[in-house]
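Everything on this sheet refers to the single structure shown next.
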Amino acid sequence: MADRPTLTTAEGCPIFDQENSLTAGPRGPLLMQDVQLLEQMQHFNRERIPERVVHAKGSGAFGTFTVTGDITKYCKAKIFEKVGKKTDMLARFSTVAGERGAADAERDVRGFALKFYTEEGNWDMVGNNTPVFFVRDPLKFAQFIHTQKRDPKTNLRDNDMQWDFWSLCPESLHQVTILFSDRGRPATYRNMNGYGSHTYSMINAAGERFWVKFHFKTKQGIKTMTDEEAAAAIGVDRETHQRDLYESIERGDYPAWTLKIQVMTPEQADAFERETGWNPFDLTKVWPHADFPLIEVGEFELNRNPENYHAEIEQASFSPSSFVPGIGPSPDKMLQARLMSYADAHRYRVGTNYQQLPVNKPRCPVMHYQRDGQMATAEDYKHMTANYWPNSRDGNPAPKPEYRDPAWDLGQVIVDRHDSKANHDDFTQAGNLWRLFDDGQKQRTAAAIAGALGDARKEVQLRQLCHFFRADEEYGKMVAEKLGINVEEALADLNVAGHA
Ligand code: NDP
């Protein structure tokens, strides 16, 4: 056998035997002084970190982002500085609801999280494979996720729970329609689009602010799995999407996506809301392509698998709050809540200094006055001679006025728990999507919905059916038919014919 490096303990002490523990005799007992055994067993107990509450099952890879279109009139971020510029990046794709052992081919929304290691800090784009979400108010987020998890008593996933919630929250209908359409089961992670979903802001060098939405279009084409194909796949392999991503990169078949943006000026945003009644910051809505056409920005290619899954993917920590100069938030309530909750989750599950791990570490200097906490390496700021600001000691970092963002004009501010249900059109865009489907996709979507909704109580089925009718009469009729519900009788019973 070729000469191998020496096995050591975690402290670096050479080891001579990795198969026989230290005992008082052939029968045992063990000796406390077998520190090698103690170290291994104690570390083993600590191998897992808490799995993510959502998006627990994921796959990731590293790659390169390249600018192909000039958007400097909208954005001063260094990453978009000039056509041809390249930036290292990381992507993690995931399912939402299942635990770490869940099957990849389940019907679920997919996470689409990107980290760009720019020279002015990490920019994270923590999106999904859908352009909208189930709720528009973050007070509903944890409640919604509970409906995707297990019933507290039976410990089973529960379709009644999920449809009960959705039927009581009609703003979910748009996302529900996507989830049960063909795109609810991407064939691979390579064959799906990504969307920033929220509205963000871009700021240009002149200090002008624009509202933007991000779209990442797969260059591999959209491919999906039917329910039957997925059931067959899961029966033999729970890791279909992990395997596909890993193997395609290993064989040099690098997946790629095109980044496009939609842009609104603040004035256009006001006009859009006046004319359509749709809040441009409502996460349950898209901006129509015809009114806000896609503008090409660049493309990214994934070309390197992680060396170690745990270190580089399980510990990868993406936060919508990781902005860089030129990119910022919007008033979207869901985004605002995520700005807090993601970084908070990483501090809990990875550790206070999660940004110091190699996968999360910015590639630019990091200089600040945060100190200590578990696992601090402080590599970048170890030579600083002050741990407070303001200070007059030479060589310590100072804030720079050129990074000031333009002020936000919020108009009239009325602090209240503004009703997130009143005056909202929850049905038109879901109906628009339905009307785009060909007959095959309509049939499959209605069948998939009926398959899951059929498990819910009758009262829930009928409540939800009204929402399908409100979106499109054909949509309601087709689902009702697949549920075996007589629409006329049901509507008469519910006295909701006026809504249909
Ligand atoms: P368009 O006809 O310009 O856009 C329709 C878009 O629908 C397509 O571009 C495609 O998005 C997307 N699509 C097709 N099949 C599915 C599916 N099964 N699940 C999800 N999306 C699908 O019209 P509009 O821009 O006016 O939008 C009409 C409807 O299309 C919207 O109400 C929305 O439901 C849906 N949609 C719109 C998007 C947008 O940003 N405007 C983005 C995605 C969906 P893509 O090109 O991204 O693959």
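Taking the highest mean first, how do the peptides 281-287, 387-393 order by number of other beta carbon atoms within 10 angstrom per residue?
Working: 281-287: 22.7, 387-393: 10.0.
Going from most to least packed, we get 281-287, 387-393.
For the stretch 214-241 and the stretch 290-364, what is the centre-to-centre distance using only Cα atoms, to the nearest Å?
24 Å
Would you work out which of Trp166, Leu90, Ala490 lies farthest towards the positive end of the dipole of the chain? Charges go on Cβ: Lys and Arg +1, Asp and Glu -1.
Leu90
With runs of 4+ DSSP H residues as the only contributors, calculate the mean residue ellipticity of the chain at 222 nm using -39,500 (n - 2.57) per run, divided by the residue total and rounded to the nearest 500.
-8500 deg cm²/dmol
Between Lys458 and Asp253, what FRET efficiency comes out of the Förster formula 1/(1 + (r/R0)^6) with R0 = 51 Å and r the beta carbon distance, rounded to 0.05?
The formula returns an efficiency of 0.55 here.
Quick check for me: using +1 on Lys/Arg Cβ and -1 on Asp/Glu Cβ, what's the dipole size of the stretch 414-488 about its Cα centre, in debye to the nearest 20?
220 debye
Restricting things to Cα coordinates, could you compute the convex hull volume per residue of the chain in Å³?
Convex hull of Cα atoms, per residue: 222 Å³.
Evaluate the relative contact order of the chain (contact order divided by residue number), counting alpha-carbon pairs under 8 angstrom at least 6 apart; express in whole percent.
On the way: 871 pairs, mean separation 85.1, N = 500.
Across the chain, relative contact order equals 17 percent.
Arranged from highest to lowest average of other beta-carbon atoms within 10 Å per residue, in what order do the peptides 218-226, 346-354, 255-263 appear?
Packing order, densest peptide first, comes out as 255-263, 346-354, 218-226.
As an exercise, use a Förster radius of 51 Å and the Cβ-Cβ distance of Asp438 and Asp270 to find the FRET efficiency, rounded to the nearest 0.05.
0.90
What ranking, highest mean first, results for peptides 17-24, 161-168, 337-344 when packing means the other Cβ atoms within 10 Å averaged over each residue?
Top to bottom by mean Cβ count within 10 Å: 161-168, 337-344, 17-24.
Could you list, in their original order, any pairs among Lys260/Lys442; Lys78/Lys421; Lys153/Lys213 whose Cα atoms are separated by more than 31 Å?
The pairs that break the limit, which is 31 Å between Cα atoms, are Lys78/Lys421; Lys153/Lys213.
Using a Förster distance of 56 angstrom, determine the FRET efficiency expected from the C-beta separation of Glu488 and Ile295, and round it to 0.05.
0.70
How are the Cα pair distances of the stretch 143-259 distributed, in percent, across 10 Å bins from 0?
Answer for the stretch 143-259: a P(r) of 11, 26, 33, 21, 7, 1 percent.
The stretch 226-334: D in µm²/s via Stokes-Einstein (Kirkwood Rh, Cα pairs, 20 °C, 1.002 mPa s)? Intermediate results must be reported in sequence, preceding the final value.
Details: Rh = 18.3 Å.
Estimated via Stokes-Einstein, D reaches 117 µm²/s.
With label points built 7 Å along Cα→Cβ from the Cα atoms of Lys153 and Gln40, find their separation and express it in nm.
The two pseudo-label positions are separated by 4.7 nm.
Run the quick spin-label model on Met375 and Thr66: label points 7 Å from Cα toward the beta carbon, then report their separation in nm to one decimal.
If labels sit at Met375 and Thr66, their model points lie 3.5 nm apart.
Taking Cα centroids, how far is the stretch 19-91 from the stretch 136-184 in Å?
31 Å
List the relative contact order of the stretch 428-497 as a percent without decimals, with contacts defined as Cα pairs under 8 Å and 6+ residues apart.
Once normalised by length, the contact order is 33 percent.
Could you pull out which residues in the stretch 287-308 have an amide N less than 16 Å from a spot 7 Å beyond the Cα of Arg363, following the Cα-Cβ vector?
Within reach of a label on Arg363: 299-306.
Among Thr23, Ala290, Ile178, whose Cα sits farthest toward the positive end of the charge dipole of the chain (+1 at Cβ of Lys/Arg, -1 at Cβ of Asp/Glu, about the Cα centre)?
The residue sitting most towards the positive pole is Thr23.
By its C-alpha gyration tensor, with a ≥ b ≥ c as the square roots of the eigenvalues, how is the stretch 428-497 shaped: rounded for a/c under 1.5, else prolate for a/b larger than b/c, else oblate?
Values: a/c = 1.95, a/b = 1.36, b/c = 1.44.
Verdict is oblate for the stretch 428-497.
Any read-out appearing in this document is the output of simple, stated calculations on the displayed coordinates, not a laboratory observation. In this text, all values refer to a predicted model and were calculated from it rather than measured experimentally. Neighbour counts run over all protein chains shown; Cβ positions are idealised from the backbone, glycine included.
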